[in-house]
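Working notes, beginning with the structure itself.
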Amino acid sequence: MSEIAERWNQLIDQLEPTMTAEWVKSARDHGEQPWIRLVLLVDAHDLLCRLGPTEKIAMTMADLAQGNDERQREGWEVIAEHARTERVKVITAIVDEGPGLLPQDLHEYFERSIEPSQHFR
């Protein structure tokens, strides 16, 4: 197994809990193709730059607890922050590892697709 294939598989393992089964299957079945790796990296980055379900639920529950039960509100805020922190870790891994998983001629497309202003919505 090549070094790139090994690093790609490690990144897939890290992304698997947050990506759809279809994404993971495509990544494992077709990730040896550089263009497919590019598309999957950009897709994963785009999806992870949005709030996930856990964050949305926790933020909503915190809002609903506001003024009623401050301990509950604080607990939901901790859950939301933890989910955000974990999501940002995975985004950072994509940004850091992505260029090393692509040939030089695809770096420009990767960089253009994941501009820094898109990291945190």
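The values are calculated or read from the model by the stated rules, or taken from the named source; none is laboratory data. Quantities reported herein were computed from a predicted structural model and do not represent experimental measurements. Because the Cβ atoms are built from the backbone with ideal geometry, glycine has one as well, and the counts that use them run over all protein chains shown.
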So which residues in segment 5-61 are crowded, with 17+ Cβ neighbours inside 10 Å and among the aromatic types (F, W, Y), if there are any at all?
-> W8, W23
Enumeration of residues in segment 29-54 that are in contact (Cβ under 8 Å) with a residue 12 or more places away in the chain and more than 18 Å from I94 (Cβ to Cβ) | E32, T54
What are the pairs, 6+ residues apart or on separate chains, where a residue within segment 73-96 that is modelled with pLDDT of 95 or more and assigned to a helix (DSSP H, G or I) has its Cβ under 7 Å from a residue that is buried (at least 17 other Cβ atoms within 10 Å of the Cβ) and acidic (D, E)?
-> A80/E55; A83/E55; R84/E55
Within segment 33-58, the residues that are at pLDDT below 95 and touching an Asp or Glu at 6+ places or on another chain (Cβ under 8 Å) are none
